[in-house]
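Visitor: Got a structure here, written out as C-alpha cells. Questions coming.
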Amino acid sequence: MIVVGGGVIGLGIAWRAAGAGVHVVVVDPQPGRGSSWAAAGMLAPVTEVHYGEVPLLRLNIASLQRYGAFVGDLEAASDVAVGYRRCGTLLVARDRDDDAALAETLAFQQRLGLSVTRLRAREVQELEPALVPSVRSGILIEGDHQVDNRSVVAALTAACLKGGVVFEKHSAVRVEADQGAVSGVRLSDGRVVPAGQVVIAAGARSSEIAGAADLPVRPVKGQLLHLRTRDGRAPVTRNVRGLDVYMVPRPDGRLVVGATVEEQGFDATVTAGAVHDLLRAAYELVPGISEMELVEIAVGHRPGTPDNAPLLGPTSIQGLIAATGHYRNGISLLPVTVDAIVGLLTTGEVVDEIIPFSPLRFSPVEQPL
Ligand SMILES: Cc1cc2nc3c(=O)[nH]c(=O)nc-3n(C[C@H](O)[C@H](O)[C@H](O)COP(=O)(O)OP(=O)(O)OC[C@H]3O[C@@H](n4cnc5c(N)ncnc54)[C@H](O)[C@@H]3O)c2cc1C
C-alpha cells in the first residue's frame with residue numbers, strides 16, 4: 001500500500017496500517033514539513049464552530065474524544081512526547097461589538113448542546129491576568145485543548161520508522177491505473193512503485209497528482225508567529241482567542257499567534273501587513289506580548305475544499321482512497337481520520353462517521369438543471 005504525502009494525516013495512516021500488518025510505502029519529497037509543521041496545534045472545534053458546519057463539528061468532537069488514547073499509543077510507540085495539553089480555550093470579547101458577537105456564538109453553541117460557560121469581565125481577568133483590563137466578557141470552552149503539532153510530526157515519523165514503513169523521498173507525479181483499478185504510483189524519478197491500494201494525503205497539493213480522481217483541494221495560505229519570553233513562561237496559561245487572533249501557549253514559554261487566511265495560491269511570502277495585523281490584534285488582548293521575542297514566522301497552506309470539510313474515503317477509482325482536504329482541522333481530525341482510513345484499508349468497510357465526507361460528493365452533476 002502507498003500513502004502519497006507524509007504530513008500528520010499520511011504518517012498517521014502509515015503508522016497504524018503498518019501496525020495492522022500492511023506493507024506501507026510513504027511517498028513524499030519532504031515529509032512533515034507541510035501544513036502540519038506550520039499549524040498552531042489547537043484542538044478547538046467548539047471554539048471555532050461555524051453555522052452550516054455542524055457535521056464537521058460532530059466529526060471533530062469524535063476525534064477529540066479519541067485524542068488521549070491516540071497520543072498515548074503514539075508516545076509509547078515512538079518515545080516522543082507530543083505535548084497534548086488539556087488546557088481549555090478562552091474566547092474573549094474586547095469591546096461591545098465583540099461582546100454582541102460572542103453572545104451569538106454562545107447561543108449557537110448552547111443550541112447545539114455544547115459545554116460552554118459565559119464569563120464576566122472579572123472572571124475572565126481572574127483566569128488570565130495578562131489580558132487587557134478592558135476585556136468585556138468571555139466564553140470558557142473546557143473541552144478544547146492543544147497538542148504540539150511539530151512533536152506529533154516527529155513522533156509519527158519515529159513510529160513509522162520503528163514500524164517498518166518505507167519512505168520514498170520523491171514526489172508522486174501520477175497514480176497508475178489499469179481498467180479502473182489502481183496499479184501503482186509513478187515517482188518524479190520515473191520509477192513506478194506498484195500497489196493495489198493508494199491513499200492520497202498530499203495536503204494542499206492533492207489535486208496536482210495526475211490520475212488521482214481530480215480531488216477539489218486548493219491551498220489557503222496562513223501566516224503565524226512564534227513569540228517567546230525570556231523566563232520561559234508564556235503570558236497566558238490556556239488557548240486564548242479573540243475575534244481576529246488566537247494565542248496558543250507552549251510549555252517552553254513560546255506563544256503561537258495566528259493566523260491569516262489568504263487565497264494566494266502557493267505564495268509563501270511573509271508579508272509586513274500580516275505580521276503587523278497579527279501583532280496588533282494580539283497586543284490589544286495581551287499587551288505584555290510587546291516584551292516578547294519574535295522568534296519565527298511560519299507560512300503554511302491549508303488544504304481547503306469547497307465546503308471546508310475533508311475528503312475521506314473511496315474515490316471513483318478502485319483502490320484509490322482520499323484522506324485530504326482537512327483545511328483548518330487536520331491536527332484535530334487526526335485520530336478519527338486514521339481510524340476510518342485504516343479500517344477501510346484493512347476491512348473494506350466505510351464507517352458511518354465519514355460517509356458525509358465522501359470525496360464523491362463533488363462529482364460533476366450529470367443531469368441538466
Ligand atoms: C497557519 C496554520 C495554522 C493551523 N492551525 C491548525 C490548528 O490549530 N489546528 C488544526 O487542527 N489544524 C490547523 N491547521 C490545519 C492543519 O495544519 C492541516 O489541516 C493539516 O496539517 C493537514 O495535514 P496533511 O497531512 O493533510 O497535510 P500536510 O501537512 O500539508 O502534508 C502533506 C504532505 O504531502 C506532501 N506532498 C505534496 N505533494 C506531493 C506529491 N506530489 N507527492 C508526494 N508528496 C507530496 C508534502 O510534502 C507534505 O509533506 C493550520 C494550518 C495552518 C497553515
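What follows is calculated from the coordinates using simple rules that are stated; it is not laboratory data. This structure is a prediction, so every number in the text was calculated from the model and none was measured. Neighbour counts are summed over all protein chains in view; Cβ atoms, including those assigned to glycine, are modelled from backbone coordinates with ideal geometry.
Visitor: Within the chain, what percent of beta bridges assigned by DSSP are antiparallel, to the nearest 5?
Guide: The antiparallel proportion sits near 75 percent.
Visitor: Taking amide H atoms as placed 1.01 Å from N in the peptide plane, list the residues 5 or more away in sequence, or in a different chain, whose amide H sits under 5 Å from that of residue 43.
Guide: 145, 146, 147
Visitor: Determine the relative contact order of segment 239-356: mean sequence separation of Cα pairs under 8 Å and six or more apart, normalised by residue count, in whole percent. Before the final figure, lay out each step's value.
Guide: On the way: 112 pairs, mean separation 17.4, N = 118.
The normalised contact order for segment 239-356 reaches 15 percent.
Visitor: What list of ³J(HN,Hα) values in whole Hz, one per residue of segment 121-132 in order, does the Karplus curve 6.51 cos²θ - 1.76 cosθ + 1.60 (θ = phi - 60°) give from phi, with Gly and Pro shown as x?
Guide: Coupling constants for segment 121-132: 3, 5, 5, 4, 5, 5, 5, 9, x, 6, 5, 4 Hz.
Visitor: Long-range amide H contacts for residue 312: which residues qualify at under 5 Å (H placed 1.01 Å from N, peptide plane, sequence gap of 5 or more or a different chain)?
Guide: Counting only residues 5 or more places away or on other chains, the set is 358.
Visitor: Taking every DSSP beta bridge with both residues inside segment 1-149, roughly what % is antiparallel (nearest 5)?
Guide: Here the share of antiparallel DSSP bridges comes out near 80 percent.
Visitor: Please say if segment 149-276 is rounded, prolate or oblate, where rounded means a/c under 1.5 for a ≥ b ≥ c the square roots of the C-alpha gyration tensor eigenvalues, and otherwise the choice is prolate for a/b larger than b/c and oblate otherwise?
Guide: Prolate is the answer for segment 149-276, as a/c is 1.5 or above and a/b outweighs b/c.
Visitor: Here's another thing I want to ask about it. Using alpha carbons only, how many angstrom separate the centre of segment 265-324 from the centre of segment 167-184?
Guide: So the two Cα centres are separated by 29 Å.
Visitor: How would you classify segment 306-367 from its alpha-carbon gyration tensor, with a ≥ b ≥ c the square roots of the eigenvalues: rounded for a/c under 1.5, else prolate if a/b is greater than b/c, otherwise oblate?
Guide: oblate
Visitor: What ranking of 42, 1, 247 emerges when the number of other C-beta atoms within 10 Å of each C-beta is taken as an exposure proxy, fewest first?
Guide: By the 10 Å Cβ count, ascending: 1, 42, 247.
Visitor: Could you give me the ³J(HN,Hα) list for segment 165-176, computed from phi with Karplus coefficients 6.51, -1.76, 1.60 and θ = phi - 60°, whole Hz, x at Gly and Pro?
Guide: So the Karplus estimates, Gly and Pro as x, are 5, 9, 9, 10, 8, 9, 7, 8, 9, 7, 8, 8 Hz.
Visitor: What does the highest-first list of 34-40, 250-256 look like by mean Cβ count within 10 Å?
Guide: The most tightly packed comes first, giving 34-40, 250-256.
Visitor: Report the per residue volume, in Å³, of the convex hull enclosing the C-alpha atoms of segment 255-369.
Guide: That works out to 178 Å³ per residue.
Visitor: Pull up all non-local amide H partners of residue 176: gap of 5 or more, or a different chain, and H-to-H distance under 5 Å with H placed in the peptide plane.
Guide: 183, 184, 185, 186
Visitor: I would also like to ask the following. Could you give each residue of segment 30-35 its phi-based ³J(HN,Hα) in whole Hz, using Karplus coefficients 6.51, -1.76, 1.60 with θ = phi - 60°, and x for Gly or Pro?
Guide: Result, rounded to whole Hz: 8, x, x, 10, x, 4.
Visitor: Regarding the chain, what whole-number volume in Å³ per residue does the convex hull of its Cα atoms give?
Guide: Each residue corresponds to 148 Å³ of Cα convex hull volume.
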